[in-house]
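Down below is the structure, laid out as structure tokens.
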Amino acid sequence: MIFKNLLRLFKTKIFQILATVFLLSFLIFFLNIFIALTFNINSFSNDLKWKLWVYLYIKEWNTEKEISKSYSLMIDFKTQLEKAGLKVDYLSKDEAIKTLSKRLPNVIKNFERYGIENPIPPTLYITFKSQKEYDTMRKIVDDKKYQDILLNLSDIWDKNSFKEQEKRISKIIEFSNFLINFYIFLSIVLFLIILWFLTLILKLNFYSFSDQIEVEKLLWFTYFQIKLPFLFHTFFIILFSFVFWLVYIASLVYYLNVYFINVFDVNLLNFVGKNIWMIRYWIMFEVGMVIIISLVVSNLFLNRLIKKI
């Protein structure tokens, strides 16, 4: 009887089911866009917290003894900074010129044109998150034993430069946090709309079978037996909606990939391939959570409807 009622639901409501699946798939599509935006902006905001930085040039020496001493001091200097919780990256002369060539290719071409050898010394990039870490870094740099290996100490004493950088980044982080909260709010609202839409469809279907349900109650059908066809109906609608959503996502990624390759030289398909397991786990988690929450809400809603008949 349960499966017979389920088949009747699908046969008599086929156009309604198709329309529901189509609409729900788009709602799920937009829900995932908001979730993706929230995740990426949060990641961007966390990365930005480490964008307060200074760079220090390491002096170059001529004799083997001086080079050895300079290298030992530089390693000790880098170790002290890292022990203090600072993030430190060392770039050799070759690495430094390669980094600069990506940012200022015309400058590097001019070096080559006029026969200028690589003028950039080995460089330490020190990044930090707060005024406290900045002061800690200054205290380490101020140690007299490191003075002989550092070239541009005046750069880190410029507090105005640091303050401007900190103010600019704090504003970006503040705006990012606003966007994160806004997208979380939109995601919750959109999910509530999905639940409301499912219960509305459930209510319409339930009352279209009200006469039959009244008979089933008289025949001592349990609430579970009456509810099961409607719960299965909700389950399959959500499942088919996610299938449609996957088709939309796959089509969008395939279409955008052409533009990303041409404009950004980034292959989205390769990115998806590298993160396929994480994507699969997320899809399974999302499908499971939406189905569970929807079935719980539908079950409670059906209990109320049955009592009214």
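Checked against (1) modelled with pLDDT under 75; (2) touching a Ser or Thr at 6+ places or on another chain (Cβ under 8 Å), S176 passes all but a single condition, namely (1). Cβ-Cβ distances below 8 Å connect the following pairs, each with a first residue in region 45-61 that is on the phi < 0 side of the Ramachandran plot, a second residue that is modelled with pLDDT under 70 and part of a loop (DSSP other than H, G, I, E, B), and a separation of six or more residues or different chains: L52/S130; Y55/N152; L56/N152; L56/L153; Y57/N152.
Being modelled with pLDDT under 85, under 26 Å from L23 (Cβ atoms) and of a type outside the set (A, V, I, L, M, F, W, C) is a condition met by at least one residue of region 230-247. Of all positions in region 9-26, at least one carries a residue that is modelled with pLDDT under 80, in contact with a Pro (Cβ under 8 Å, 6 or more places away or on another chain) and in a helix (DSSP H, G or I).
The values are calculated or read from the model by the stated rules, or taken from the named source; none is laboratory data. Quick caveat: nothing in here was measured; it's all calculated off a predicted structure. Reconstructed Cβ throughout: ideal geometry from the backbone, glycine too, with neighbour counts over all protein chains shown.
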